[in-house]
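See structure below.
The values are calculated or read from the model by the stated rules, or taken from the named source; none is laboratory data. Bear in mind that the values here come from a model prediction, so they are computed numbers and not experimental data. Cβ placement follows ideal geometry from the backbone for every residue including glycine, while neighbour counts extend to all protein chains displayed.
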């Protein structure tokens with residue numbers, strides 16, 4: 001009897017569930033990790049993660065040794081993981097021969113596929129920020145990594161800054177050379193934001209590097225496109241602002257940059273206002289008070305080898321401080337937020353300092369569950385194989401004894 005000819009759908013199903021595709025995906029992931037690790041030295045961690053692992057990257061061409069291009073187009077790691085997830089689900093779970101002998105393999109494949117799913121959730125839903133804490137102050141906010149913002153504040157007669165109005169990174173990140181106007185109900189002016197750039201330098205008008213891509217000169221300075229600093233791993237955002245008073249006063253032009261570090265001030269209706277471009281503020285449901293911070297450097301370097309901090313923290317629902325030590329693999333967790341020890345420096349002006357990374361991720365504890373699932377499946381499978389082997393050896397010994405008799 002002739003075999004039934006397969007249609008295109010069956011061929012696709014066979015390919016996407018094949019062991020060959022799994023091997024191809026794992027080899028590609030190995031190459032992507034290797035090249036991204038090499039290139040990270042030149043472009044920094046943030047750029048490397050964006051280039052190799054973002055869902056926006058369909059194909060990537062590696063560049064190493066200061067920009068030397070490797071003509072080996074590779075698919076982005078995110079999409080390779082998507083294909084591997086499909087392969088695991090089809091070949092390792094749905095199409096695998098069912099039965100008690102293979103149940104351990106099925107369980108372990110479910111754990112691995114779930115781990116890939118956790119990676120997708122983390123990629124799209126997690127938010128990372130930094131909290132820099134000195135002794136003697138309480139901190140109930142962090143700043144988001146690589147998220148700039150525009151803060152507009154009014155100053156009192158005593159020079160104190162009132163609560164700012166914030167234009168978030170999401171509102172301006174796609175602006176480029178376009179203009180976007182922002183209106184504030186309680187402020188006597190509107191703002192026009194234009195020429196938003198990811199990485200710029202603020203240069204003096206006398207600088208000879210000024211060219212076609214340079215921005216407008218304001219108060220003797222202009223914005224000029226700059227290369228990303230891989231060692232600092234820091235995006236220096238910049239833009240131009242036009243303040244448009246609602247009372248008909250002349251417009252004010254301002255040059256903004258993340259690195260300026262202080263507000264650009266102006267008067268409208270006899271009141272003093274300031275605009276600055278800090279990292280986007282991220283309010284926390286808890287406050288942290290640094291008690292002490294200790295650490296050590298690697299010999300002959302200024303790179304910390306180990307460090308830890310003791311903090312007093314209070315959650316929204318707490319009446320008293322909780323004392324906790326934060327160190328490697330011992331973070332603080334509260335209401336979906338995780339606070340890790342990230343950096344340490346020697347005391348500044350007698351005040352101890354500690355840097356914390358704060359992450360919110362709905363899949364924070366899922367990897368642990370996935371690994372337990374895989375471990376249980378593998379242990380069951382190995383125990384089954386061991387039992388089968390021991391039974392076979394026992395029967396062989398019995399057969400040899402009977403032959404000797």
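Per-structure values
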{"read-out": "Residue within segment 80-97 that is exposed (fewer than 14 other Cβ atoms within 10 Å of the Cβ), assigned by TED's automatic domain parsing to the domain that holds residue 111 and either modelled with pLDDT of 95 or more or in a helix (DSSP H, G or I) (or both) present", "value": "yes"}
{"read-out": "Exclusive hit being within 30 Å of residue 145 (Cβ to Cβ) and surrounded by fewer than 14 Cβ atoms within 10 Å (Cβ to Cβ), set 40, 69", "value": "69"}
{"read-out": "From the options 77, 48, residue that is in contact (Cβ under 8 Å) with a residue 40 or more places away in the chain, closer than 25 Å to residue 125 by Cα and buried (at least 17 other Cβ atoms within 10 Å of the Cβ)", "value": "77"}
{"read-out": "Count - residues of segment 41-59 that are closer than 19 Å to residue 236 by Cβ and modelled with pLDDT under 85", "value": "6"}
{"read-out": "Residues satisfying the stated conditions in segment 269-287, i.e. part of a strand (DSSP E or B) and within 22 Å of residue 171 (Cα to Cα)", "value": "273, 274, 275, 276, 279, 280, 281, 282, 283, 284"}
{"read-out": "Those residues of segment 145-180 which are within 15 Å of residue 275 (Cβ to Cβ) and in contact (Cβ under 8 Å) with a residue 60 or more places away in the chain, in sequence order", "value": "148, 149, 150, 151, 152, 153, 154, 155, 161, 166, 168, 172"}
{"read-out": "Residues of segment 124-163 satisfying the condition of being surrounded by 15 or more Cβ atoms within 10 Å (Cβ to Cβ) and out of contact with any strand residue (DSSP E or B) (no Cβ under 7 Å at 6 or more places or on another chain)", "value": "146"}
{"read-out": "Residues being surrounded by 11 or more Cβ atoms within 10 Å (Cβ to Cβ) and assigned to a helix (DSSP H, G or I) - total across segment 4-19", "value": "6"}
{"read-out": "Total residues in segment 331-350, condition within 20 Å of the chain's Cα centre (by Cα), over 18 Å from residue 285 (Cα atoms) and free of Cβ contacts under 8 Å to residues at least 24 places away in the same chain", "value": "0"}
{"read-out": "Candidate set: segment 237-268, residues that are part of a loop (DSSP other than H, G, I, E, B) and touching a residue at least 40 places away in the same chain (Cβ under 8 Å); chosen: the one surrounded by the most Cβ atoms within 10 Å (Cβ to Cβ)", "value": "237"}
{"read-out": "Among (1) closer than 30 Å to residue 46 by Cβ; (2) modelled with pLDDT under 90; (3) surrounded by fewer than 18 Cβ atoms within 10 Å (Cβ to Cβ) - the single one residue 168 does not satisfy", "value": "(2)"}
{"read-out": "Residue in segment 359-379 that is in a strand (DSSP E or B), crowded, with 16+ Cβ neighbours inside 10 Å and in contact (Cβ under 8 Å) with a residue 60 or more places away in the chain present", "value": "yes"}
{"read-out": "Conditions (1) out of contact with any strand residue (DSSP E or B) (no Cβ under 7 Å at 6 or more places or on another chain); (2) at pLDDT 85 or above; (3) within 21 Å of residue 50 (Cα to Cα): number failed by residue 74", "value": "(1)"}
{"read-out": "Tally, over segment 173-201, of residues that are part of a strand (DSSP E or B) and under 21 Å from residue 244 (Cα atoms)", "value": "13"}
